[in-house]
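The values are calculated or read from the model by the stated rules, or taken from the named source; none is laboratory data. On a predicted model such as this, the values are computed, not experimentally measured, just so you know. Neighbour counts run over all protein chains shown; Cβ positions are idealised from the backbone, glycine included.
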Amino acid sequence: MIPFFELKHQYRRIAPELEKALKTVFDGGIYTLGEEVSRFETDFGRFLGVRHAVGVASGTDALTLSMKVLDLGPGDEVILPANAYPSAFGISLSGVRIRLADCREDGNIDPVGVDQAVTGNTRAIVPVHLYGNPADLIEIRKVIAFRKQKIYLVEDAAQGHGAEIKLKVKNKKLKKHINNQIHTDSWFKAGSIGEIGIFSFYPTKNLGAYGDGGMLVTGDETIARRLRRLRMYGEESRYESQEVSGVSRLDEMQAAILRVKLRHLDEWNRRRAEIAQYYKRELEGVGDLQIINSKFKFQNLKPQSKTQNYNTEQEFRSCHHLFVIRTAHRDKLKDFLAKHGIGSAIHYPVPIHMTKSFSHLGYKKGDFPVAEALARQVLSLPLFPELTDGEAEEVVARVKTFFRK
């Protein structure tokens, strides 16, 4: 049996480190917003190269709080990719109205679709770094640059732990629309470029807790200070509430676990890349199978709005959260793999506008053809650091056998 994902082998490898970290928590007797949370926020902020990191209870909470801290709510519109199923819920809980844009063939949001979705009520764009592959932030910044209203860029990096983006911007007018915490023509971590970046530490993520957890990161001290209030009853200090808010705290045990795991993240991501490269090399050209690409450039794309050609370029390094293939025979392939003891998964089988929960948005089938096609055809193969070479070879062999039939 080859699972789609499993954590037992990883736990056994780092168990002594985890047990030592948890003993520190138990000996200290503080379980929420203590030293481990503060240390992990510092460590994760340094890893990303951002000034401020604020731990919360989940990635969904992080999305909701990202809207609240920017004072977005009823009457405001936020643009999401039509295939970003998990993201839609956290955003909608803030009370904003979601507007959707179609995605490109790689699954990430299409800047042209973003441009078409912008209205006078648009207040934020939330690109999702899907499958660990960064979205095209330069082109989205171009869409924002010539709009009269303030539009925030909030990066959903829930699948992007360690993914990197290289920005090359020669035009000064566009540079000012890129977060002033960075310099252009260099590599930056996904989540560190927008006004806010959000992360999930769900167990299956590249950096996962043994439970739930989330993080918001920002270069803005005012935003960070308010986020710390919003995660705890709106309190500036204990029982001194400044505004009505709920509770969303990253607990000490998860923070301690994540601090241990963060030390291994680069190594784990390198192993993911090795497996992904092997899959790509072996599966290219097999049947009608297409690989959702994990390495290419975006250069000088032109949204429909009246923007200049900025002489910009974006390259990226995937963190290989998922290895996703596309085939018209997706369901039969999934069943075939399961029959032979190989797990797989679909990310995601239903676009946002085709769910009952979001039928009120007023979209219909056919409005987002790329997202709808991907929902019918994508399949994620096993990809995690502890997957052995032999197991990866077995996955490839079974996929090839299926297409020879």
The one condition Ile198 fails out of (1) in contact (Cβ under 8 Å) with a residue 60 or more places away in the chain; (2) assigned to a helix (DSSP H, G or I); (3) surrounded by 15 or more Cβ atoms within 10 Å (Cβ to Cβ) is (2)
Take Ser58 and decide whether it is polar (S, T, N, Q), under 23 Å from Gly246 (Cα atoms), surrounded by 24 or more Cβ atoms within 10 Å (Cβ to Cβ) and at pLDDT 95 or above. no
Log entry, pairs with first residue in the stretch 128-152 being closer than 30 Å to Asn269 by Cα, second being surrounded by 24 or more Cβ atoms within 10 Å (Cβ to Cβ) and acidic (Asp, Glu), beta carbons closer than 7 Å, six or more apart or on different chains, reads Val128/Asp156; His129/Glu155; His129/Asp156
Exactly one of Lys364, Lys306 is closer than 25 Å to Leu100 by Cα, at pLDDT 95 or above and either in a loop (DSSP other than H, G, I, E, B) or in contact with a Cys (Cβ under 7 Å, 6 or more places away or on another chain) (or both), and that residue is Lys364
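For every residue, the table says whether it meets (1) assigned to a strand (DSSP E or B); (2) not small (Gly, Ala, Ser).
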{"residue": "Asp106", "(1), (2)": "no, yes"}
{"residue": "Gly113", "(1), (2)": "no, no"}
{"residue": "Ala135", "(1), (2)": "no, no"}
{"residue": "Glu139", "(1), (2)": "no, yes"}
{"residue": "Ile144", "(1), (2)": "no, yes"}
{"residue": "Leu153", "(1), (2)": "yes, yes"}
{"residue": "Ala158", "(1), (2)": "no, no"}
Expected single match for surrounded by fewer than 24 Cβ atoms within 10 Å (Cβ to Cβ) and of a type outside the set (Lys, Arg) among Leu70, Leu100, Leu65 is Leu70
Listed by first then second residue, the pairs whose first member lies in the stretch 14-40 and is over 10 Å from Ala256 (Cβ atoms), whose partner is part of a strand (DSSP E or B), with beta carbons under 6 Å and at least 6 positions apart or on separate chains, are Tyr31/Asp251; Thr32/Asp251
When every residue in the stretch 353-369 that is within 21 Å of Thr327 (Cα to Cα) and touching a residue at least 40 places away in the same chain (Cβ under 8 Å) is compared, the one surrounded by the most Cβ atoms within 10 Å (Cβ to Cβ) is Phe368
Conditions (1) of a type in the set (A, V, I, L, M); (2) modelled with pLDDT of 95 or more; (3) in contact with a helix residue (DSSP H, G or I) (Cβ under 9 Å, 6 or more places away or on another chain) -> Val169 fails only (2)
How many residues of the stretch 253-296 are among the aromatic types (Phe, Trp, Tyr) and under 20 Å from the mean Cα position of the chain (by Cα)? The answer is 2
Of the candidates Glu394, Glu386, Glu372, the one satisfying the condition of being touching a residue at least 12 places away in the same chain (Cβ under 8 Å), under 17 Å from Arg104 (Cα atoms) and not aliphatic (A, V, I, L, M) is Glu372
Residue hits (the stretch 12-30; in contact with a helix residue (DSSP H, G or I) (Cβ under 7 Å, 6 or more places away or on another chain) and within 21 Å of Asn269 (Cα to Cα)) are Ile14, Glu17, Leu18
Within the stretch 15-55, the residues that are in contact with a strand residue (DSSP E or B) (Cβ under 8 Å, 6 or more places away or on another chain) and of a type in the set (Ser, Thr, Tyr) are Tyr31, Thr32, Thr42
Taking the stretch 205-262 and the residues there that are β-branched (Val, Ile, Thr) and not in a helix (DSSP H, G or I), the one that is farthest from Pro385 (Cα to Cα) would be Val244
The correct count of residues that are farther than 13 Å from Tyr131 by Cβ, buried (at least 18 other Cβ atoms within 10 Å of the Cβ) and modelled with pLDDT of 95 or more in the stretch 312-335 is 4
The lone condition Gly45 fails out of (1) more than 21 Å from Tyr202 (Cα to Cα); (2) not in a loop (DSSP other than H, G, I, E, B) is (1)
